[in-house]
Amino acid sequence: VKASEIAQLVEGELEGGADPEVEGVAPLDRAGPRDLSFLAHPKYLSYVDASGAGALLIARALAARAADGRPRIVVRDVHGALARLLPALYPPRPHASGIHPTAVIGAGAVLGEAVEIGPYVVVGAGATLGDRVRLDAHVVVGARCGIGDDAVLHAHVTLYPGVRVGARTILHAGVRAGVDGFGYAFVGGAHRKVPQVGSCVIGADVEIGANTTIDRGSVGATEIGDGVKIDNLVHIAHNVRIGAHSVVIAQVGIAGSTTIGRGVTLAGQAGIPGHITIGDGATIGAQAGVFGDIPPGAVYSGYPARPHKESLRSQAGLARLPSLVKRIRALERALFGKESGEA
Amino acid sequence: VKASEIAQLVEGELEGGADPEVEGVAPLDRAGPRDLSFLAHPKYLSYVDASGAGALLIARALAARAADGRPRIVVRDVHGALARLLPALYPPRPHASGIHPTAVIGAGAVLGEAVEIGPYVVVGAGATLGDRVRLDAHVVVGARCGIGDDAVLHAHVTLYPGVRVGARTILHAGVRAGVDGFGYAFVGGAHRKVPQVGSCVIGADVEIGANTTIDRGSVGATEIGDGVKIDNLVHIAHNVRIGAHSVVIAQVGIAGSTTIGRGVTLAGQAGIPGHITIGDGATIGAQAGVFGDIPPGAVYSGYPARPHKESLRSQAGLARLPSLVKRIRALERALFGKESGEA
Amino acid sequence: VKASEIAQLVEGELEGGADPEVEGVAPLDRAGPRDLSFLAHPKYLSYVDASGAGALLIARALAARAADGRPRIVVRDVHGALARLLPALYPPRPHASGIHPTAVIGAGAVLGEAVEIGPYVVVGAGATLGDRVRLDAHVVVGARCGIGDDAVLHAHVTLYPGVRVGARTILHAGVRAGVDGFGYAFVGGAHRKVPQVGSCVIGADVEIGANTTIDRGSVGATEIGDGVKIDNLVHIAHNVRIGAHSVVIAQVGIAGSTTIGRGVTLAGQAGIPGHITIGDGATIGAQAGVFGDIPPGAVYSGYPARPHKESLRSQAGLARLPSLVKRIRALERALFGKESGEA
């Protein structure tokens, strides 16, 4: 592909005079003369000179700082440009409709047109698959599940009975959805299981990472809104609701009956307790330990999670705690003639 | 079902005069006129008025605070009542004995009466299954495993060779039990694997959540006591022992050779180091980072984990650290005429 | 096996006169007269007397402190000795070459000599398996993957297309490698998937724990170096590189494009952000929250992660924060005649 064609595709401007042929995209430190590389973050400015890349896709904001004679395509948003460019350079494998002869399809299951069902897939009784649904090898779809058009379930996904998955949603390998939630009544010295009879409803255009687990509702539903993106190894407990277009990074845990608003970001390993509300557009920092409701648009971090600026000030204070102790001792000596015996 | 029949089943008192027909149970904000809803926590008192529920299951402690003309069933323990009621309203799918023709049963395996074995299940040589054991699609049971009567293994569970699972125990999708522990000897600049030759013994009436991993013993056994409940995505390392009726919430990690007592609660994402003892009845807070033995009955939280009350006081102190710095500066100015240069 | 033969095998010295027959290895509190037990850590010194073990494998450093008449084999490194001894006492199950008739092998796949392929394994088109590769039941190997000689993939492992696995590497049940990374461009109010077209390259002599997830590169590769050991439920994001012989304990998360050096240790539940570098030989403590580059050889811990000694001092300060508040109040009363109203 000519660099000029790429510039047109991503609505960028080709600068530098030449119009080289590009065969692939590669990071700065691995690109060769036939590769387009990219610069989206100032952190990597120093890699530009040594890079062997034949051309550069670069953010307008950084263009002036990367003085470089190479042909370059200048765009406002590098990641947005890559999202357009990569499918053109690396076409996804074509949909291959057909049902592998080893697939076990339950009684009364309804399959849409041109579904692609791999080896050893099990589809439960009464399940409904939309058009062009793709189930990779070893997927298990429980009874009465419903899967929307063009959804993709990678190998080894498990849907418990009755789970609903929206159109174009992608579930990665090892996702478990509709699992019994963690609900017990302590009776007579033992935990007695409270049957988990609710549902699990995953919206359209959702993507869920590998080995993530989503419990069904105890009664009522666990709901994942349209466009939500969830990373690997996340735990979502019963009756949680996540609003549209929210983002949940790897290893986050959300306890039961919590409501996450729309457009929320939960960073990696954050812990969200049960029965709270996180407002629309809020951001929770990595590893944060949340203890109560979070207002819309707020940015919280730390343990216990507090507004991010306060949290940073406390962390700075924590770092100089040893010196504060010394200063208190000096004050005590000056004022009382001796230190307090307390510590 | 009549409300009066439900009241009788859960040993509650029907109040409010009427005796409506109930078809299901639903949360307050989703219940309709044919639904029974429930109120167990004061947090949800404000939802009662707007609820469309035809009847209410309510905790005695909250009954006076929810003034409401609706028929209501008053009980001491709402969750205990639900544990009785839900199986009556939503009968679990009946056990369906039979062995799917695609199941691969190894040489010398012994199957109890009325087992239910799904498609593509693999049972290793010499394994023993009790009566009415249910193995869902794609379960893999290693050689010489033993599974007690009425145990249920959901789809995609893996038992490594020799794992023992007690009666009535439930393993959710993607559980891995009897995995090699993380044991190496550093020899000649590389980590050399120490063979993991111990066993993995899971008691009766245990429930283990989706994608949880349990290592086998290095030598000796990893042991999960009777009645223990473990949530999703928990890691339990080699030689850990968990006493009866303990509860381990999602994403907890327990390092090797640690002993957890009976009736312990480990809240979500807590980290428990190796070679320590957590006493009977202790509670460890969410995300806590434990660093040593915990006495019986103690409640610990925070990082590093300390008695919960101390931990709360330190957290409160942390929040006002920036103001403490100001107060120290004011003292220094008053006493020394200038601030310390230290921070 | 005679104790004297064991002593010879592990290059230890047999002391105590007798030369008993040993049938197995067991922990101190479970060993019987036909068992060899072992003592590697002073923590367990008190268990020696009560142990029923017929003989003891003991670290030279502890030998003088465990006064005990039993036959004993004294070695410098108990775990190294066990790594030699256990395979002799508990021989691993022999490799059983053969391809189960239910395995589905894709067009153009190339299988080495004496491979062992279990029931319901699916090998994608164009994949290459080295000699003696073992794929347990239900393994799914994507198209064009390459697996080195003597590698072992336990049940239910998923390799996405194009993943490379080195010789002698062990992947435990439920590992997902080559998963699409978490990459989106926010366009028009929604997250648009950035195709993940990079590779995933796992070195030789690696071991990866159960249900761990490893993303493929976005462009470029995710790389796990030779001899790296990764525990259960770890998350490794796209474009991460881990240097040779590093160790990653359970539930660690590593965000995208981060470089981990050689011989690094990341302890359990630590969180590593994206786009940073952790130097060779560094150690990151359990649950640590790292926020920037870590120098080679450094030991960091805590949240936010700082040099371990500083972190310990801050934690000590945190524990006495309540008493510091009292001391500040006392100073204020003495100096100003009243406390500050600030807190």
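The values are calculated or read from the model by the stated rules, or taken from the named source; none is laboratory data. Bear in mind that the values here come from a model prediction, so they are computed numbers and not experimental data. As a convention, Cβ positions derive from the backbone with ideal geometry for all residues, glycine included, and neighbour counts pool all protein chains shown.
From the list A:Val48, A:Val25, A:Val74, exactly one residue is of a type in the set (Val, Ile, Thr), more than 11 Å from chain C (Cβ to nearest Cβ) and in contact with a helix residue (DSSP H, G or I) (Cβ under 8 Å, 6 or more places away or on another chain). Which is it? Reasoning before the result, please.
Details: A:Val48 fails: in contact with a helix residue (DSSP H, G or I) (Cβ under 8 Å, 6 or more places away or on another chain); A:Val25 fails: more than 11 Å from chain C (Cβ to nearest Cβ).
One residue alone meets the criteria, A:Val74.
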| query | Out of the residues in region C:156-174 that are surrounded by 24 or more Cβ atoms within 10 Å (Cβ to Cβ) and either touching a His at 6+ places or on another chain (Cβ under 8 Å) or in contact (Cβ under 8 Å) with a residue 60 or more places away in the chain (or both), which is farthest from the other protein chains (Cβ to nearest Cβ)? | reply | C:Leu171
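In region A:265-281, which residue that is buried (at least 24 other Cβ atoms within 10 Å of the Cβ) and hydrophobic (A, V, I, L, M, F, W, C) is nearest to A:Ser218 (Cα to Cα)?
Checking each candidate, the answer is A:Ile272.
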| Quick check, is C:Arg93 within 15 Å of B:Val197 (Cβ to Cβ) and not aromatic (Phe, Trp, Tyr)? | yes
| For region A:215-230, does any single residue satisfy the condition of being surrounded by 24 or more Cβ atoms within 10 Å (Cβ to Cβ), under 13 Å from the mean Cα position of the chain (by Cα) and more than 25 Å from C:Gly189 (Cα to Cα)? | no
| query | What residue, of C:Ala53, C:Ala7, is surrounded by 21 or more Cβ atoms within 10 Å (Cβ to Cβ), of a type in the set (A, V, I, L, M), in contact (Cβ under 8 Å) with a residue 24 or more places away in the chain and assigned to a loop (DSSP other than H, G, I, E, B)? | reply | C:Ala53
| said: What's the total number of residues in region B:9-48 that are more than 30 Å from A:Arg241 (Cα to Cα) and small (Gly, Ala, Ser)? | reply: 4
| field | Subset of region A:181-204 (residues that are crowded, with 23+ Cβ neighbours inside 10 Å and either within 16 Å of the chain's Cα centre (by Cα) or of a type in the set (Asp, Glu) (or both)) | value | A:Ile202
| request: Examine region B:112-132 for a residue that is surrounded by 24 or more Cβ atoms within 10 Å (Cβ to Cβ), under 27 Å from B:Ala255 (Cα atoms) and within 14 Å of another protein chain (Cβ to nearest Cβ), and state whether such a residue exists. | output: no
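Condition check: facing chain C (nearest Cβ under 9 Å) and over 19 Å from C:Ser311 (Cβ atoms). Does B:Ala330 satisfy that? Don't jump to the end; show me each part of the working.
Working: facing chain C (nearest Cβ under 9 Å): yes; over 19 Å from C:Ser311 (Cβ atoms): yes.
So B:Ala330 passes the test.
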| query | In region C:101-114, is there at least one residue being within 25 Å of the chain's Cα centre (by Cα) and within 30 Å of B:Gly118 (Cβ to Cβ)? | reply | no
| query | Of the residues that sit in region C:89-123 and are hydrophobic (A, V, I, L, M, F, W, C), modelled with pLDDT of 95 or more and not in a loop (DSSP other than H, G, I, E, B), which one is nearest to B:Ala143 (Cα to Cα)? | reply | C:Ile117
| task | Would you point out which residue out of C:Ala250, C:Ala244 is out of contact with any Pro (no Cβ under 7 Å at 6 or more places or on another chain) and surrounded by 24 or more Cβ atoms within 10 Å (Cβ to Cβ)? | result | C:Ala250
| Search result, residues across region A:56-72 that are buried (at least 17 other Cβ atoms within 10 Å of the Cβ) and under 29 Å from the mean Cα position of the chain (by Cα) | A:Leu56, A:Leu57, A:Ile58, A:Ala59, A:Leu62
| Is there a residue in region A:156-172 that is polar (S, T, N, Q) and more than 24 Å from C:Ala143 (Cα to Cα)? | no
| Residues in region A:224-255 that are part of a loop (DSSP other than H, G, I, E, B), within 10 Å of another protein chain (Cβ to nearest Cβ) and either touching a residue at least 40 places away in the same chain (Cβ under 8 Å) or among the aliphatic types (A, V, I, L, M) (or both): how many? | 12
| field | One residue from A:Ala282, A:Ala305 being farther than 21 Å from B:Lys338 by Cα, touching a residue at least 12 places away in the same chain (Cβ under 8 Å) and within 12 Å of chain C (Cβ to nearest Cβ) | value | A:Ala305
| Residue within region C:84-101 that is of a type in the set (A, V, I, L, M, F, W, C) and surrounded by 22 or more Cβ atoms within 10 Å (Cβ to Cβ) present | yes
| query | Being in contact (Cβ under 8 Å) with a residue 24 or more places away in the chain and either in a loop (DSSP other than H, G, I, E, B) or among the polar types (S, T, N, Q) (or both), is that true of even one residue in region A:62-69? | reply | yes
| request: From the list C:Arg241, C:Arg262, pick out the single residue that is within 22 Å of C:Gly166 (Cα to Cα), among the charged types (D, E, K, R) and more than 15 Å from the chain's Cα centre (by Cα). | output: C:Arg241
| Test: residue in region C:332-341 that is of a type outside the set (S, T, N, Q), crowded, with 16+ Cβ neighbours inside 10 Å, at pLDDT below 95 and in a helix (DSSP H, G or I) | yes
| message | If I filter region B:35-44 for residues that are in a loop (DSSP other than H, G, I, E, B), in contact with an Asp or Glu (Cβ under 7 Å, 6 or more places away or on another chain) and not small (Gly, Ala, Ser), do I get at least one hit? | response | no
